[in-house]
Amino acid sequence: MKQQEEVPFDYTVEQFADLQILRYRVPGFDTLSLPRKRLIYYLTQAALEGRDILFDQNGKYNLQIRRLLESIYIHYQGNRSTDEFRAIETYLKRVWFSNGIHHHYACDKFVPGFTAAYLSEVIHSLSSSCIPTEKDETVEEMCKKLFPVIFDPSVMPKRVNQTDGEDLVLTSAANYYEGVTQQEAEDFYAALKKPDDTQPVMYGMNSRLIKEDGQVKEQVWKIGGMYGTALERIVWWLQKAEEAAENDIQRKVIRLLIDFYRTGDLKTFDAYSIAWLKDTDSMVDFVNGFIESYGDPLGMKASWESIVNFKDMDATHRTELISSNAQWFEDHSPVAPQFKKERVKGVSAKVITAAILAGDLYPSTAIGINLPNSNWIRSVHGSKSVTIGNLTDAYNKAARGNGFREEFVYSSTEMTLLDKYADITDNLHTDLHECLGHGSGKLLSGVDPDALKAYGSTIEEARADLFGLYYLADDKLVELGLTPDNEAYKAEYYSYMMNGLMTQLVRIEPGCNIEEAHMRNRQLIAHWVLEQGHDEKVAELVKRDGKTYVRINDYTKLRGLFGRLLAEIQRIKSEGDYESARRLVENYAVKVDQELHTEVLARYRALHLAPYKGFVNPVYTPETDADGNITDVKISYTEGYAEQMLRYSREYSNL
Ligand code: ZN
């Protein structure tokens, strides 16, 4: 493996409220060809032009509130170091993060840390030309309209209300319905559905439902319709991207998306989705549109989002290398021969690098994409599923130096191992798990694949994890160039044991057991090897100054134990041995040591880590020749959070 030179890079930007802002790198962008850089540039512009759409979708006063607060942030001449002014700044930063006045995850309206009287005073100190009143609206009228929205807890309390028994449409603050009850909305869409349609469009996905003159009707999001001015800008950039497309298939994808934005026609959207799904050869790919419907209590209206990305060639090469050696790994595993596959095929995971995040993927984002959402398209044509490598990497790197490892890792020996190898071995363990682990082994003939019932998924995850753990320490990985030396695996062994025995408990509420299959699997493996290695002190939990730590004394024997458990778990799976599965899971995976749990939670709480994270984007700057042709695109990573948000509001405000 070629050792990359680490350029110093600060992955953390700032922290406020319950949020931490990070920065991600776009490795490989500089070495892309000029046509691809140009294509990415156009698509990033198309992505940023949609920002205001999401603000408006999330609540009909969000844009005006954002503009009012931004104006205060820029122009206020009074004392900016008071607690109340700082509270306005924090509130604005949260509005930027959530694309509105409700928490991005919990959906509750923010409680301002400043009073209405103070806000009024600040507003009135500004010149009226700085105040974003609407047409024919006075400053007083604006305040009268917006203050209850900001300050009154009973006005628009939740962006999405899911409380059973309430009218979810009337009680949700999201801007997808106006003057329409839940019953009216449901009736409206029920009437559109044709019972024998095997290829139904996603009704209601791209519109707001309103009542006008007693009639329920849709305001469609399209050029010439609602959000038309933003969509025009998006299409303007998409047309440039269309000219710069890598190939005809991709050109067709972009053309269909443009058609959809022009017409709002949902059949066209399906055609676009299918074309997008089939475009697997292009290096550059993107999502730009009304995609996810979590923001609508009825699950129909789709929020606007965009991501532009390109293939991560290094990671894809890594997973291809692993899967092309799948048979060797199968043949040499510690599993009994009768449970092995004679012919095994590895899968290679598709890893992408994000170049820009926008709309509902910004600043808070997903680390994978699995689209399209249309059920019939998924069942007939499948879906595109990728993981976003550079974002996962940024989360990992940012977690360094946040005090977590310093608090929980036993000594500087383990710290050094983790610093040196953990990023490589963590990714590699995931690759081995996905590319080989799940696909290895076979059921004996006649065994019901669901024989392990409720214990099946924990056993399956344990099998895949153990396959990865066992092989991480194998010389074969060094030979293939996947690990730099035969020390590297120790980093993953240590962090796996620490996580499985202790630190994953930070995600469990006090007094609760472990329910989730991946968490159960990790505790199962860690506790089983701890117990089985007890007499030889392979690994142990030790106390120092009243704190518990994991210590590993013999990594070679630990590998042996992983191998033994892998053989046993594969036997259980192959034979469908329900009773053994039940015993393993119930004995090792479920119950939590209350005393240790309390200790771990207290130590974690003392670190004051922000539970939610999001990203600022890099900045792309085109260089042009005398005729205005793009000759290169430069990427930079220096823009701050407020700086980026204010620039986006300046340059991409089109509603
Ligand atoms: Zn898995």
Checklist entry - Using alpha carbons only, how many degrees (0 to 90, rounded to 10) separate the axis of helix 62-75 from the longest principal axis of the chain? => result 80
Item to check | Ellipsoid semi-axes in whole angstrom, largest first, where each is sqrt(5λ) of the Cα gyration tensor of the stretch 31-74 | outcome: 32, 13, 5
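Looking at the square roots a ≥ b ≥ c of the eigenvalues of the Cα gyration tensor of the stretch 228-286, which shape do they give, rounded for a/c under 1.5, prolate if a/b is larger than b/c, or oblate? Walk me through the numbers before you get to the answer.
Numbers: a/c = 2.52, a/b = 1.28, b/c = 1.98.
Oblate.
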Checklist entry - What do you get when you divide the Cα radius of gyration of the stretch 250-314 by 2.2 N^0.38 Å, with N the number of residues? => result 1.21
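Rg to Rh for the stretch 507-584: what is it, with Cα atoms only and Rh by Kirkwood? Mind showing how you got there, number by number?
Values: Rg = 14.6 Å, Rh = 14.3 Å.
Ratio of gyration radius to Kirkwood radius for the stretch 507-584: 1.02.
Tell me whether the stretch 423-482 comes out rounded, prolate or oblate; compute the Cα gyration tensor, take square roots of the eigenvalues as a ≥ b ≥ c, and use a/c under 1.5 as the rounded threshold. Walk me through the intermediate numbers first.
Values: a/c = 3.61, a/b = 2.15, b/c = 1.68.
Judged from the Cα gyration tensor, the stretch 423-482 comes out prolate (a/c at least 1.5, a/b above b/c).
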Checklist entry - Which values, in whole Å and largest first, are the semi-axes of the equivalent ellipsoid of the chain obtained as the square root of 5 times each eigenvalue of the Cα gyration tensor? => result 45, 30, 27
Checklist outcome for this item: In degrees rounded to 10, the 0-90 angle between helix 139-151 Cα long axis and the longest Cα principal axis of the chain is 20
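Among 45-55, 163-173, how do they line up by average Cβ neighbours within 10 Å per residue, starting with the highest?
Numbers: 45-55: 25.1, 163-173: 15.4.
Per-residue Cβ counts within 10 Å, averaged per peptide and sorted highest first, yield 45-55, 163-173.
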Checklist outcome for this item: The ³J(HN,Hα) series, computed from each phi in the stretch 276-281 with the Karplus coefficients 6.51, -1.76 and 1.60 at θ = phi - 60°, rounded to the nearest Hz and given as x for glycine or proline, is 4, 4, 7, 7, 10, 8
Checklist entry - Can you list the residues, at least 5 places off or on another chain, whose amide H is less than 5 Å from the amide H of GLY59, using H built in the peptide plane? => result ASN175
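Compute the relative contact order of the chain as a whole-number percentage, counting only Cα pairs closer than 8 Å that sit 6 or more residues apart in sequence.
Over the chain, the number comes to 17 percent.
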Checklist entry - For HIS438, what is the net charge nearby, where nearby means another residue's Cβ is under 14 Å from its Cβ and Lys, Arg count +1, Asp, Glu -1? => result -1
Item to check | Amide hydrogen neighbours beyond the local backbone of PHE615, cut-off 5 Å, H modeled | outcome: LEU22, SER364
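I need the shape label for the stretch 1-120. Rule: rounded when a/c is under 1.5, else prolate if a/b > b/c, else oblate, with a, b, c from the alpha carbon gyration tensor. It would help to have the intermediate numbers written out before the result.
On the way: a/c = 2.44, a/b = 1.79, b/c = 1.37.
Verdict is prolate for the stretch 1-120.
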Item to check | Long-range HN-HN contacts of ALA355 with modeled amide H, under 5 Å | outcome: VAL308, ASN309, PHE310
Checklist entry - Using θ = phi - 60° and the Karplus form 6.51 cos²θ - 1.76 cosθ + 1.60, what ³J(HN,Hα) does each residue of the stretch 638-648 get, whole Hz, x for Gly and Pro? => result 9, 5, x, 5, 5, 4, 5, 5, 5, 5, 4
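For ILE322, what is the net charge nearby, where nearby means another residue's Cβ is under 14 Å from its Cβ and Lys, Arg count +1, Asp, Glu -1?
On the way: positive: ARG318, LYS345, LYS350, LYS476; negative: ASP314, GLU320, GLU330, ASP431, GLU434, ASP474, GLU479.
Combined, the nearby Lys, Arg, Asp and Glu give -3.
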Item to check | Note, ³J(HN,Hα) from phi for the stretch 119-124, Karplus 6.51, -1.76, 1.60, rounded to Hz, x at Gly and Pro | outcome: 4, 4, 4, 5, 4, 6
Checklist entry - Listed highest first by mean packing, meaning other Cβ atoms within 10 Å per residue, what order do 558-565, 425-432 come in? => result 425-432, 558-565
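If we count other beta carbons within 10 Å of each Cβ, what is the order of GLU330, GLU212, fewest first? Don't jump to the answer; show the numbers that get you there.
Details: GLU330 22, GLU212 10.
The order, fewest Cβ neighbours first, is GLU212, GLU330.
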Checklist outcome for this item: Within the under-14-Å Cβ sphere about GLY640, not counting GLY640, Lys/Arg +1 and Asp/Glu -1 give a net charge of -2
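Quick check on packing: order 394-400, 91-97 by the mean number of other C-beta atoms within 10 Å, highest mean leading. Working shown, then result.
On the way: 394-400: 17.4, 91-97: 21.4.
Highest-to-lowest ranking by the protection proxy: 91-97, 394-400.
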Next on the checklist: If you average 1/r across every pair of different Cα atoms in the stretch 357-458 and take the reciprocal, what Kirkwood value do you get, in Å?
Outcome noted: 17.9
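With +1 assigned to the C-beta of every Lys and Arg and -1 to the C-beta of every Asp and Glu, and no other charges, what is the dipole magnitude of the stretch 392-538 about the Cα centre in debye, to the nearest 20? Kindly include the intermediate steps, with their values, before the conclusion.
On the way: 13 positive and 26 negative charges, 32 e Å.
In total the dipole reaches around 160 debye.
Please report CYS143, CYS130, CYS435 as a ranked list, fewest other C-beta atoms within 10 angstrom at the top and most at the bottom.
Numbers: CYS143 19, CYS130 15, CYS435 26.
Starting with the residue having the fewest Cβ neighbours, the order is CYS130, CYS143, CYS435.
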Next on the checklist: Cut-off 18 Å, label point 7 angstrom out along Cα-to-Cβ of ARG378: give me the residues of the stretch 419-455 whose amide nitrogen falls inside.
Outcome noted: none
Item to check | Dipole magnitude of the chain about its Cα centre (Cβ charges: Lys, Arg +1; Asp, Glu -1), debye to nearest 20 | outcome: 320
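What's the exposure ranking of LEU501, LEU238, going from fewest to most Cβ atoms within 10 Å? Show your work: numbers first, answer last.
Values: LEU501 25, LEU238 22.
Going from sparsest to densest Cβ surroundings: LEU238, LEU501.
Within the stretch 590-630, which GluC sites (Glu not before Pro) sit in a loop by DSSP and count at most 15 neighbouring Cβ atoms inside 10 Å? Let's see the in-between values first.
On the way: sites: GLU595, GLU599, GLU623; in loops: none.
The qualifying sites: there are none.
What 222 nm value per residue comes from the helices of the chain, counting each DSSP H run with n ≥ 4 as -39,500 (n - 2.57) and dividing by all residues, nearest 500 deg cm²/dmol?
Numbers: 25 runs with 300 residues, N = 655.
When only DSSP H runs of four or more count, the value is -14000 deg cm²/dmol.
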Checklist entry - Can you pull the Rg over Rh of the stretch 571-652, Cα-only, Kirkwood? => result 1.39
Item to check | Kirkwood hydrodynamic radius over Cα pairs of the stretch 352-396, then Stokes diffusion coefficient at 10 °C and 1.306 mPa s, in µm²/s | outcome: 135
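Bear in mind that the values in this text are calculations on the coordinates, not laboratory data. Because the structure is a prediction, the values reported are computed rather than measured. Reconstructed Cβ throughout: ideal geometry from the backbone, glycine too, with neighbour counts over all protein chains shown.
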